[in-house]
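For reference, the structure discussed in these notes is given below.
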Amino acid sequence: MSESTRLRELLRPGRIGPLETRNRIVMAPMGSFLAEEDGHLNERHKLYYETRAKGGVGLVIVEVAAVDFPRGAAMFRQIGLSDDSFIPGLVDLAERIHRHGAKVSIQLQHAGKIATRDLADGRPLSVPSADIPMPMAGVLADLTADEIQQIVKNYERLPEGGSLVHELSVQEIQEIVTRFAEAASRAKQAGFDGVEIHAGHGYLIAEFLSQASNKRQDHYGGKLENRARILLEVIGAIRKVVGQDFPVWCRLDGKEFGIEDGITVEDARQTAKLAEEAGLNAIHVSAYGGPSGIGFTEATLVHPKAGLLPLAAGIKKVVRVPVIAVGRITPEQGERALREGQADFIAMARPLLADPELPNKLAAGRPEDIRPCIYCYTCVGQIFVNQSLRCAVNPATAREAEFEIEKSEAPKQVLVVGGGPAGMEAARVAALRGHQVTLCEKQRRLGGTALFSSLVWEENGDLVDYLRTQIEKLPIDLRLGQEVTPETVAELQPDVTLLAVGAKREAPAIRGVERRSVLSGDELRQIMAGAPNRVTAAKLSLWQRALLWAGHTFLGLADHPSRVRELSKRWMPVGKRVAVIGGGLVGLELAEFLVKRGRHVTVLEEGEWLAPQMAIPRRWRTLHELREHGAVLLTGVRFEAIQEKGMAIISKEGDPRTIEADSVILAAGVVPNRDLYEAIRARDLEVHLLGDCSKLSYIEGSILDGARIGRAI
Ligand SMILES: Cc1cc2nc3c(=O)[nH]c(=O)nc-3n(C[C@H](O)[C@H](O)[C@H](O)COP(=O)(O)O)c2cc1C
Ligand code: SF4
């Protein structure tokens, strides 16, 4: 079946009121932190949107725009819509999006208690009730000192002597309602095709909707009809200024997760019905779970696949207007949801950061060419610390002008050594530019450490598959199982050598590190993939080796990470109690893998912070999972010795302690591997370092290096 038949519903035109879209893929709104501090758009910002329109989406919903800018803005660099000076920039943006056949709307927002900009400017936060819960401690939990410093900037000018929050009077509510209407009118004047009212994610309108934050005694509080009043008034006021023919819809939380007295599924359905009666043309169903901890990844940026779809399906049952579903929905799941009548449009956020060309590639029947999102939360983690959007797998996101691929005027012979993400990305880009590329990988498969890491973070495997497919499609001389030495380089005589050989492991200088009960994270993954080297294999008993050989030979374990993940639920070469040395990204990923397989894990970290390399929301999620499974997480420890049945350490408080453990896993002591680099340089040949052999920077740094150097040579 062709792709366009397989995804017939997704790729078919859609309609929201009078608005017609070329397909039913919507770019979900994403605050990008790209606007100027005065709320105006700049070239970089416009190009970021234009690129996504060009990529084939049916409808772009431009990110949160502050209707009362700078009041009520959620971030420093947010679009403003509060006066006519914003119109010319928006006219240009709308034209550039239209030029590529997409439709465009914009999200109207007042951030209420999350209006960071208000606090930064010394204004109290506008809220429905003065006793609104402010979970600040949760937001700062598990953040590093640097991150806290970035966030604290937002609170430097707290309202002097006064309260942090200001309960809105009825007159002030009316003024905000008017601001929404004026902002909608400006969007219409600027040539936008519709507006989305942001009535979710804990922002002002959602604060009114939620009993958790609305304790008002007047006609804006109490029963749902009252709590929904501000939303209904906003809809009415907008309709008055834009007329009946201009599409207006809202984003609602289908539920507030883990918030006492939060919005229930029933509340959300009733609100949707009221909003429809008030004249909306569609309902966009998201969810909220608080700005910290597990809530963020359970709801707003949902981690479970298609995790919010049931909420959209529930609302679809009670309204007649189209429903937009969102939340980690793949094209296939989206197609199914459309066919089954669970939704009318599928919004995507992160997948379009990872690959803006996703809709065009689907339409062209090339799904294998879509660069996948690995759900690492780097993009949104940036916004948390007041930095512009970026994507770990797509360096061109929000840097579109920097990352064009241009043909080389002087094609070269390029040797790429190492087939992990850095090497594959560099080879891909260099080949697209017309260079003659040879890619050597010493293993018999491409993927490098990312392939092993996909055992514990499944999503990394999708990226490896994508890159491998691109390498196979391009005219690249791929040599698997080929170890490169300085002699090989001399023999191949490349014009330039790109070294992407990754990191090397140096066992930490801890007494007892040579014990058989000690494995490095890599050794564990190698064993589980059925491909241990000789040193590692020596740590296994005879029957364990036989078992692995059988798995490797008959089940093809090494080529099927999903089989290894399954097998590891039944068997792993580690005891019941495991001490993991190193609480960085690798250590915590491994620890999560182990606790989910019934191991009692203690993570021991010398430094002060756990996994600073993980984007904040992912770190919150991982730490939550570990704590839920009873893992012990110790920072600031010193290692004394690895013993027969445990680890002797000195705790942060300076006390000697013994951590009981049957196995010890080393997830620290990794350093860039520069051995080959020095040898090649000594021969006066052009050579560049990429990825972990340049500096430990994991997938994001590896892809970035590959992308940059592939373009630079
Ligand atoms: C970087 C980033 C910024 C976001 N900003 C907004 C926003 O401005 N308004 C909004 O309603 N949702 C925002 N979201 C949530 C997305 O619109 C979307 O609901 C969520 O990412 C789930 O969709 P996905 O799984 O396709 O990424 C943001 C998401 C990301 C990744
Ligand atoms: S940064 Fe990570 S989560 Fe965000 S879009 Fe890119 S790959 Fe996906």
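Pro411 meets the conditions (1) of a type outside the set (D, E, K, R); (2) crowded, with 17+ Cβ neighbours inside 10 Å; (3) not in a helix (DSSP H, G or I) in every case but one. The failed one is (2).
The numbered conditions (1) over 27 Å from the mean Cα position of the chain (by Cα); (2) touching a residue at least 24 places away in the same chain (Cβ under 8 Å) are all true for Glu514 except (2). Looking only at segment 351-366, decide whether some residue is within 9 Å of ligand 1 (Cβ to nearest atom), assigned to a loop (DSSP other than H, G, I, E, B) and at negative phi. For segment 351-366, residues within 9 Å of ligand 1 (Cβ to nearest atom), assigned to a loop (DSSP other than H, G, I, E, B) and at negative phi: absent. Hey, among the residues in segment 277-317 that are near ligand 1 (Cβ under 9 Å from one of its atoms) and of a type in the set (Val, Ile, Thr), which one's nearest to Pro351 (Cα to Cα)? Result: Val302. Considering segment 122-145, the residues that are exposed (fewer than 15 other Cβ atoms within 10 Å of the Cβ) and over 29 Å from the mean Cα position of the chain (by Cα) include one that is farthest from Arg157 (Cα to Cα), namely Asp131.
Within segment 599-618, the set of residues being within 22 Å of Thr300 (Cβ to Cβ) and part of a loop (DSSP other than H, G, I, E, B) comprises Ala611, Met614, Ala615.
Looking only at residues in segment 379-394 that are outside any loop (DSSP other than H, G, I, E, B) and within 19 Å of Lys305 (Cβ to Cβ), the one that is nearest to ligand 2 (Cβ to nearest atom) is Cys379. All conditions in (1) surrounded by 24 or more Cβ atoms within 10 Å (Cβ to Cβ); (2) part of a helix (DSSP H, G or I) hold for Ile346, with the sole exception of (2).
Regarding segment 416-428, can at least one residue be identified that is more than 16 Å from ligand 1 (Cβ to nearest atom) and surrounded by fewer than 23 Cβ atoms within 10 Å (Cβ to Cβ)? No - not one qualifying residue is present in segment 416-428. Of all residues in segment 381-409, those satisfying the criterion of being more than 10 Å from ligand 1 (Cβ to nearest atom) and either more than 20 Å from the chain's Cα centre (by Cα) or among the aromatic types (Phe, Trp, Tyr) (or both) are Ala401, Glu402, Phe403, Glu404, Ile405, Glu406, Lys407, Ser408, Glu409.
Are any of the residues in segment 268-275 more than 13 Å from ligand 1 (Cβ to nearest atom), polar (S, T, N, Q) and within 18 Å of Ser105 (Cβ to Cβ)?
First, pick out the residues of segment 268-275 that are more than 13 Å from ligand 1 (Cβ to nearest atom): 268-275.
With the extra rule that they be polar (S, T, N, Q), the set shrinks to 270-271.
Now restrict to residues that are within 18 Å of Ser105 (Cβ to Cβ): none.
No, segment 268-275 has no match at all.
Restricting the first member to segment 602-628 and to residues that are on the phi < 0 side of the Ramachandran plot and surrounded by 22 or more Cβ atoms within 10 Å (Cβ to Cβ), and the second to residues that are basic (Lys, Arg) and part of a helix (DSSP H, G or I), the beta-carbon pairs closer than 8 Å and six or more apart or on different chains are Leu610/Arg619.
Give me a count of the residues in segment 27-42 that are more than 16 Å from ligand 2 (Cβ to nearest atom) and either part of a strand (DSSP E or B) or not assigned by TED's automatic domain parsing to the domain that holds Glu196 (or both). Residues in segment 27-42 being more than 16 Å from ligand 2 (Cβ to nearest atom) and either part of a strand (DSSP E or B) or not assigned by TED's automatic domain parsing to the domain that holds Glu196 (or both): 0 in total. Taking segment 69-158 and the helices (runs of 4 or more DSSP H) fully enclosed by it, the elements with 2 or more residues that are without any contact (Cβ under 8 Å) to a residue 40 or more places away in the chain are at 136-140, 145-152.
The values are calculated or read from the model by the stated rules, or taken from the named source; none is laboratory data. These figures come from a predicted structure and were not determined experimentally. So basically every Cβ, Gly included, is an ideal-geometry build from the backbone, and we count neighbours across all protein chains shown.
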